[in-house]
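Down below is the structure, laid out as structure tokens.
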Amino acid sequence: MASVHTLRERLPRRSRHSDAYFRDELAPCGEAGGLVAEKWAPFSGEPADVSDCLVVRPRPWILTIWEPLETNAPSPTLARPYCCLLNTVIFYDAQYRKMLWSTFYCASTDRLRRGGVLDFYRFDTVKTRLLCEQPVVFERETFIVGCGRVLWASHGRDRRRWWMRHPARRAERRP
């Protein structure tokens, strides 16, 4: 007799999305507007507006947050995302071509001088609004955002675009 799952169904073991545990982590889904980012101690600025982020709750203690990235980078056939630092995503050329004149720069004397090392061609660099280990509030509960993954996906009938998928776990409840 097959077991009945009252919560969401798990993915098959041989899925091509090796880091996705639930169907909600395959493509952007959920509802926008229910998430509020809290002020975080390492950064003194105001919290980012995350009203357009999609949120789905596959388990009571887990959130999956889909953050749309505002970038003009092309599809994965031409661009490869690379996450670095705390909230920076750099889209490099997929063939890893080096920039032709990246070792030189034009000084104020109008002469070419030797610059740094060769750099790969970049399409775009964007900052994500959610940070690793940042607290967020969803349905009056506090969750801690984990490090995300950049994916090329579409939401509904919209065109495909770059998304950042963040997992979030419920913060410990203290009595």
key: Charge sum, other residues only, whose C-beta stays under 9 Å from ALA153's C-beta, Lys/Arg counted +1 and Asp/Glu -1   = +3
note = Other residues with Cβ under 14 Å from the Cβ of ALA94 give, with Lys and Arg +1 and Asp and Glu -1, a net charge of +2
request  = Determine the sum of side-chain charges near ASN72: Lys and Arg each +1, Asp and Glu each -1, restricted to other residues whose C-beta is under 11 angstrom from that of ASN72.
outcome  = -1
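Each value in this text was obtained by applying a stated rule to the coordinates, not by laboratory testing. All figures in this text were calculated on a predicted structure; none of them were measured in a lab. Note: ideal-geometry Cβ built from the backbone for every residue, glycine included; neighbour counts use all protein chains shown.
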